[in-house]
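Visitor: Before anything else, here's the structure in question.
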Ligand code: SAT
Ligand code: MN
């Protein structure tokens, strides 16, 4: 190993955790096959039918370890104020002491895997290297899909390249001793007592969002919880867009949108560059370019079907790890919402027999597929382009049954930053808390911003000033507005391309819009919906801006913004005040 600092760090962690062996992951087919075999032999992986799901496996997690744990996630910056009111903070020295005790001898009898990986295309100036030290072969198998892992990363690192550090140990999976701790000043994450998703695959939320958001602040770019897509029109013109929605708002479905027949016949296309995370940096021409730092999808299985998202279904046909889904007797997988009636007999996500009379879901609601992005039929041929994709539109959105129109455009970057900062969504049954309750989730980054949220907004404003006229337009969408009977006005799914079309037109300086107190809205005729079976009155309801409702919204935003105290950028307070007066 030529990289002395990396070798020294591996030695130090091994000295503390006392593994029986150390294995460097090279990313090769043969090593990956050996690790998968090991997982099968140990009962952690069940091999699926090799014809129907080649090289694919089912894993079941500990039933108490099935999701990210926000209350056990810490930002251990030097000062409390650097973490801000939306993060848990603990002093770095204290947290290090706690973790040292937990990690002491935690890998005894196990193998410590050294997993170097690149976030982003290998040749891209926007990419960064991370190294995760883990005692979980399950994590290694997932990282091989989710990142560019192994020798390719060591090559990029050379003798002295910089890298982000992650230490992960399964320990005893004790929920009471679970810590997902970030040390932004050391570019380090330490995660103990969980082996699930974003708690354990440290490349994803921990590095690519929490630590990267801090690097982005210091280096003048943006690390965002956004999908990236390319919309191509019949003239062949491409518009690249990013979109940030809170969970359960259809981000993966929008990223993989299938246009309705009339649109695809006419030559419209939506291609995916990423479904979860975007890193955006200025190019030489002063525009913002986005890369997807990941190489795979860690998608929610329930609700995914050939009807709702055929592209995702094709993506996870082979070389895929399924976690906490149900198993059919023919060694294929099943989950609620996969389409068709449930089979009579299943093994549920806990490994227990499941029948039609069972009262609990067969697949865990947060069950997942880990699938290579390259297997997605609608993956953009440009998705690994080193320079990234030039972004024309940034879309925010949430699940709101009232108030929010189908789509509108911000008046400026500053106004758009305010839209992002006050973004909100109603809770669904999938998350803890009261269903229907409004939760503010700025830029969908509430659990993922690695520093003070108000400083993050200030950074957004600064980036906007730097980019000036070249910045993307900012838009807000809401597919979830309901009528008095509680039915959705908007059909959603593929039909949402009609909204993307208007957004692309606006980005080119075309597309009709009316200025309202909240921003630019399409007049009903500017949306291409003549062939949609939707009443004119429904369209008007979707685009209605109700002053009384908006005045209540402004008041609620006022108290939300006030939570950030002294640090709140005055521009955002000014935007809320300006909206209030425009509504009078
Ligand atoms: O578990 S992950 O953080 O990777 C996915 C999610 O919860 O959004
Ligand atoms: Mn996400």
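Visitor: On a 0 to 90 degree scale, rounded to 10, what angle separates helix 92-103 from the longest Cα axis of the chain?
Guide: On a 0 to 90 degree scale, this one is about 50.
Visitor: Let me ask something else about it. Between residue 219 and residue 62, what FRET efficiency comes out of the Förster formula 1/(1 + (r/R0)^6) with R0 = 51 Å and r the beta carbon distance, rounded to 0.05?
Guide: FRET efficiency, residue 62 to residue 219: 0.85.
Visitor: So, one more: Give me the distance in nm between label points sitting 7 Å out from Cα along the Cα-to-Cβ direction at residue 512 and residue 466, one decimal.
Guide: Computed distance between label sites residue 512 and residue 466 equals 4.0 nm.
Visitor: Next up: Could you list 557, 4 in order of exposure, starting from the residue whose Cβ has the fewest other Cβ atoms within 10 Å?
Guide: Neighbour counts put them in this order, fewest first: 4, 557.
Visitor: In a Debye calculation with equal point scatterers on the alpha-carbon sites of segment 159-301 and no solvent, what is log10 I(q)/I(0) at q = 0.13, 0.15 Å⁻¹?
Guide: One equal scatterer on each Cα of segment 159-301 leads to -0.70, -0.86.
Visitor: Based on the mean of other Cβ atoms within 10 Å per residue, sort peptides 576-582, 329-335, 194-200 so the most packed one is first.
Guide: Output ranking for 576-582, 329-335, 194-200: 194-200, 329-335, 576-582.
Visitor: Using only the Cα atoms of segment 1-139, build the gyration tensor, take square roots of its eigenvalues as a ≥ b ≥ c, and label the shape rounded, prolate or oblate: rounded if a/c is under 1.5, else prolate if a/b is larger than b/c, else oblate.
Guide: The shape class here is prolate.
Visitor: Can you put 545, 129, 435, 394 in order of Cβ neighbours within 10 angstrom, beginning with the fewest?
Guide: 435, 545, 129, 394
Visitor: Test of understanding: what is the full-extension gain from residue 559 to residue 232, defined as 0.36 nm times their sequence separation minus their Cα-Cα distance?
Guide: Stretched out fully, the residue 559 to residue 232 stretch lengthens by 113.6 nm.
Visitor: Rounded to the nearest 0.05, what FRET efficiency is calculated for residue 186 and residue 284 with R0 set to 35 Å and r the Cβ-Cβ distance?
Guide: That pair, residue 186 with residue 284, gives E of 0.65.
Visitor: Also, I was wondering about something else. By count of other Cβ within 10 Å, fewest leading, how are 417, 73 ordered?
Guide: With the fewest neighbours first, 417, 73 line up as 73, 417.
Visitor: Separate question: Quick one: check the C-alpha center-to-center distance for segment 192-247 versus segment 513-584, whole angstrom.
Guide: Rounded to whole Å, the Cα centres lie 26 Å apart.
Visitor: Just order 166-176, 48-58, 443-453 by mean Cβ neighbour count inside 10 Å, highest at the front, would you?
Guide: 443-453, 166-176, 48-58
Visitor: Right, next: I need the Kirkwood Rh of segment 440-495: take the reciprocal of the average 1/r across all distinct C-alpha pairs and report it in angstrom.
Guide: One over the average 1/r among Cα pairs gives 14.5 Å for segment 440-495.
Visitor: If you don't mind, another one. Need the C-alpha centroid separation for segment 92-116 versus segment 11-90, integer Å.
Guide: 13
Visitor: Let me ask something else about it. Hey, how many Å between the Cα centroid of segment 275-332 and the Cα centroid of segment 123-143?
Guide: Segment 275-332 and segment 123-143 have Cα centres spaced 17 Å from each other.
Visitor: Helix 497-507: angle to the longest alpha-carbon principal axis of the chain, degrees 0 to 90, nearest 10?
Guide: Approximately 70 degrees, to the nearest 10.
Visitor: Using a Förster distance of 30 Å, how high is the FRET efficiency between residue 437 and residue 330, based on the Cβ-Cβ distance and rounded to 0.05?
Guide: E(calc), rounded to 0.05, equals 0.10.
Visitor: What distance in nm separates the two pseudo spin-label positions at residue 546 and residue 530, each 7 Å out from Cα along the beta-carbon direction?
Guide: Taking the simple label geometry, residue 546 and residue 530 are separated by 3.1 nm.
Visitor: Which whole-number percent gives the relative contact order of segment 343-395, counting Cα pairs below 8 Å spaced six or more residues apart?
Guide: Dividing the mean separation by the residue count of segment 343-395 yields 20 percent.
Visitor: Run the quick spin-label model on residue 88 and residue 33: label points 7 Å from Cα toward the beta carbon, then report their separation in nm to one decimal.
Guide: 4.3
Visitor: Relative to the longest principal Cα axis of the chain, at what angle does helix 29-41 sit, 0 to 90 degrees, rounded to 10?
Guide: 80
Visitor: Can you give the Kirkwood hydrodynamic radius of segment 296-375 from its Cα pairs, in Å with one decimal?
Guide: 12.6
Visitor: What area, in nm² and to one decimal, does the C-alpha convex hull of the chain cast on average over all directions?
Guide: If I average the Cα hull's projected area over directions, I get 26.0 nm².
Every number in this text was worked out from the coordinates using simple rules, so none of it is lab data. Just so you know, these numbers come straight off a predicted model, no measurement behind them. Note that we place each Cβ from the backbone using ideal geometry, even for glycine, and neighbour counts take in every protein chain shown.
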